[in-house]
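Q: Pasting a structure below so you can have a look.
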Amino acid sequence: MVSTPQGDVGTAYAVNGLIEHVDVVPFTLNGQPSSELQDWFWHGLKREMHRQGHAYRPEVVDDIRLVVNFTDLHDPQPFRRKAQGTFVVTIVQDTTDPEDIIRAGYPVLVRALSNLGIYLVPVPGRIIAHFLTMEQGHYILEMIDGEPEEQFFAEVYERLAPLATSQLVINNEYIPDLPAHLWDGDATTREITWAGQQLGELALLPTPWPIHEILTERDLKHVMRLFGIGGLSYGNLSARYDDERFWMSASGVDKTNLREVGRDILLVSGYLREKNAMVISVPPHIQPRRVSVDAIEHFMIYREHPSVGAIIHIHAWMDGIESTHINYPCGTRELAVAVSDLIRRAPDPSRAVVGLKNHGMTLTGHSLPEIFERLEGKIIPQVPMS
């Protein structure tokens, strides 16, 4: 974190060697704390946000980047954001600690249209705060009776700060210029199809929650309109086409059935900085899907490392790998920069394995089959959470 001349707090990061700075914009409250515990949590979080230089706004304004949404566990109410760059953390409270926190809390997270969920449970001697992510990640912070609460809320803020400072790069600019001889794919797209099937056979694709069953029709249409997705899916694959372009799996598709060019597999041909969008070459006769949200990360890696021929991202782990220190959200430029930095420092960037904190791994290789050869017998399905 760095300070601006006005005293605000901001985040600094490098893109193609240029240092950029984004001011941390205001945060706001949606809903109201409905218990003594929730009221305590809100005032402690608000105090820490102020201490970190953030400004509270009592009303939702256009530049709001973080919304703290208090809602009912059994009837979660969403905050329907108007912009992709608005991140939402939803907070609920339960009377007992669930045996299966993902099954209990994940549908609440989805129904509340949130990026992060905090599931508060008071138990004798402490307060448990379960953190749930859209990637089905889960980790815990605890407030022990008698300990200073300032440290607890500092740790809570550490988990929320990436949401307040990140910039999504998930828009696509479609250009109907894909050559006719690629409309049915090529050897590389067939390799991606094979690789997606391999991920399924290795059980490296967590079962996605049926978003169409969890959300109301209105909320599902809102999510699809805002983010251009039709479902939840995990992991992604890409392979280089030439010096400038690469094929990549689409967002929200079944990775075990990647077949149709423009819908399941897309050709990424560039990045429009002024529009903050990935450029996608598509057949002129097709209504395309969006490319995976991690396209900006893959774009940076391919452009910097000509020897990288393929990239896989999975929600799994391997022993002894270096990891990012901050759990930036998927599809953000900050996550892409953090992963690119780790790959740059790897002994061989063309065959690197790096961890994404509380998330999964990104692996580079000369080809997709070569990456799978290196994976064999080394995968830990459960990502460590902290």
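Q: Right, Ser307: of a type in the set (S, T, N, Q), touching a helix residue (DSSP H, G or I) at 6+ places or on another chain (Cβ under 6 Å) and over 30 Å from Glu158 (Cα atoms) or not?
A: Numbers: of a type in the set (S, T, N, Q): yes; touching a helix residue (DSSP H, G or I) at 6+ places or on another chain (Cβ under 6 Å): yes; over 30 Å from Glu158 (Cα atoms): yes.
The answer is yes for Ser307.
Q: Check off (1) at pLDDT below 95; (2) closer than 30 Å to Arg289 by Cβ for Tyr174 and give me the number that stays unchecked.
A: For Tyr174, the exception is condition (1).
Q: Next question, about the same structure. Pairs please, first residue from region 110-127 and over 23 Å from Val88 (Cα atoms) and assigned by TED's automatic domain parsing to the domain that holds Gln38, second anywhere and among the hydroxyl-bearing types (Ser, Thr, Tyr) and surrounded by 19 or more Cβ atoms within 10 Å (Cβ to Cβ), Cβ atoms under 7 Å, 6+ apart in sequence or on different chains.
A: Hits for this filter: zero, empty list.
Q: Among the numbered conditions (1) modelled with pLDDT under 95; (2) β-branched (Val, Ile, Thr); (3) closer than 20 Å to Tyr328 by Cβ, tell me where Val253 comes up short.
A: Going through the list (1) modelled with pLDDT under 95; (2) β-branched (Val, Ile, Thr); (3) closer than 20 Å to Tyr328 by Cβ, Val253 breaks only (3).
Q: Right, another one. Is there a residue in region 77-92 that is modelled with pLDDT of 95 or more and over 20 Å from the mean Cα position of the chain (by Cα)?
A: Checked region 77-92: at least one residue is modelled with pLDDT of 95 or more and over 20 Å from the mean Cα position of the chain (by Cα).
Q: Out of all the residues in region 328-338, is one or more in a loop (DSSP other than H, G, I, E, B) and without any contact (Cβ under 8 Å) to a residue 24 or more places away in the chain? Spell out the reasoning first.
A: Quick first cut of region 328-338, residues in a loop (DSSP other than H, G, I, E, B) only: 328-331.
Filter again for without any contact (Cβ under 8 Å) to a residue 24 or more places away in the chain, leaving none.
No: region 328-338 contains no residue that is in a loop (DSSP other than H, G, I, E, B) and without any contact (Cβ under 8 Å) to a residue 24 or more places away in the chain.
Q: Same structure, new question: For region 71-172, give me every one of the strands (runs of 3 or more DSSP E) that falls completely inside it and has 3 or more residues that are surrounded by fewer than 19 Cβ atoms within 10 Å (Cβ to Cβ) and not β-branched (Val, Ile, Thr).
A: Numbers: elements: 87-93, 116-123, 126-133, 138-144.
Once the strands (runs of 3 or more DSSP E) in region 71-172 are filtered for at least 3 residues that are surrounded by fewer than 19 Cβ atoms within 10 Å (Cβ to Cβ) and not β-branched (Val, Ile, Thr), what remains is 138-144.
Q: Which of the following residues is at pLDDT 95 or above, more than 30 Å from Ala83 (Cβ to Cβ), in a strand (DSSP E or B) and of a type in the set (Gly, Ala, Ser): Ala239, Ala195?
A: On the way: Ala195 fails: in a strand (DSSP E or B).
None of the others qualify; the one that does is Ala239.
Q: Leu272 is checked against (1) modelled with pLDDT of 95 or more; (2) under 22 Å from the mean Cα position of the chain (by Cα); (3) surrounded by 16 or more Cβ atoms within 10 Å (Cβ to Cβ) and fails just one. What number does that condition carry?
A: Leu272 satisfies every listed condition except (3).
Q: Another question, then. It is to be established whether one or more residues within region 107-129 are at pLDDT 90 or above, of a type in the set (D, E, K, R) and over 20 Å from Leu29 (Cβ atoms).
A: Scanning region 107-129, I find at least one residue that is at pLDDT 90 or above, of a type in the set (D, E, K, R) and over 20 Å from Leu29 (Cβ atoms), so the answer is yes.
Q: Can you find a residue in region 342-355 that is more than 27 Å from Val156 (Cα to Cα), crowded, with 23+ Cβ neighbours inside 10 Å, free of Cβ contacts under 8 Å to residues at least 40 places away in the same chain and in the same structural domain as Gly200 (by TED's automatic domain parsing)? Walk me through how you get there before you give the answer.
A: We begin by selecting, within region 342-355, every residue more than 27 Å from Val156 (Cα to Cα); these are 343-353.
Still in the running and crowded, with 23+ Cβ neighbours inside 10 Å: 343, 352.
Pick out the ones that are also free of Cβ contacts under 8 Å to residues at least 40 places away in the same chain and you get 352.
From what's left, in the same structural domain as Gly200 (by TED's automatic domain parsing): 352.
Within region 342-355, one or more residues are more than 27 Å from Val156 (Cα to Cα), crowded, with 23+ Cβ neighbours inside 10 Å, free of Cβ contacts under 8 Å to residues at least 40 places away in the same chain and in the same structural domain as Gly200 (by TED's automatic domain parsing).
The values are calculated or read from the model by the stated rules, or taken from the named source; none is laboratory data. Bear in mind the structure is a predicted one, so any value in this text is a computation, not a measurement. Here Cβ is always computed from backbone atoms with ideal geometry, including for glycine, and neighbour counts include all displayed protein chains.
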